[in-house]
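**Student:** Below are the structure tokens for one structure; questions will follow.
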Amino acid sequence: MGLDNKISEVAQGPSKASGDAGSVEQQNLKDLVEADKYLAQKSASRRRGLGIKRVQLIPPGAV
């Protein structure tokens, strides 16, 4: 199960539940979102390139 699926599952469900068998508490949604951001930044830093694209701007009407 990926982290994206876990975040959507936690967001839809209750934060705590209790019954005869015991109680269950889900992970904090804020912590999961921060973990997802961290993993996205980590994978982006491993990609090739600097994330900057070099282009030449030519104004209209210039020859």
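The values are calculated or read from the model by the stated rules, or taken from the named source; none is laboratory data. Quantities reported herein were computed from a predicted structural model and do not represent experimental measurements. Note: ideal-geometry Cβ built from the backbone for every residue, glycine included; neighbour counts use all protein chains shown.
**Student:** Would you point out the residue of segment 20-36, among those that are of a type in the set (A, V, I, L, M, F, W, C) and not in a strand (DSSP E or B), that is modelled with the lowest pLDDT? Don't jump to the end; show me each part of the working.
**Tutor:** Our first condition is that a residue be of a type in the set (A, V, I, L, M, F, W, C); within segment 20-36, this holds for 21, 24, 29, 32-33, 35.
Filter once more, so that each one left must be not in a strand (DSSP E or B): 21, 29, 32-33, 35.
Working: Ala21: 83, Leu29: 76, Leu32: 79, Val33: 82, Ala35: 83.
So, considering only residues that are of a type in the set (A, V, I, L, M, F, W, C) and not in a strand (DSSP E or B), the one modelled with the lowest pLDDT is Leu29.
**Student:** Follow-up question, since we're still on this one. State whether the residues of segment 37-51 include one that is on the phi < 0 side of the Ramachandran plot, assigned to a loop (DSSP other than H, G, I, E, B) and not basic (Lys, Arg). Steps first, answer last, please.
**Tutor:** To start, the set of residues in segment 37-51 that are on the phi < 0 side of the Ramachandran plot comprises 37-48, 50.
Retained after the next criterion (residues that are assigned to a loop (DSSP other than H, G, I, E, B)): 46-48, 50.
Imposing the further condition that a residue be not basic (Lys, Arg) reduces the set to 50.
Yes - at least one qualifying residue is present in segment 37-51.
**Student:** What are the pairs with Cβ atoms under 7 angstrom where one residue, in segment 30-48, is more than 15 Å from Gly2 (Cα to Cα) and surrounded by fewer than 11 Cβ atoms within 10 Å (Cβ to Cβ) and the other, located anywhere, is modelled with pLDDT under 80 and among the aromatic types (Phe, Trp, Tyr)? Sequence gap at least six, or different chains.
**Tutor:** Hits for this filter: zero, empty list.
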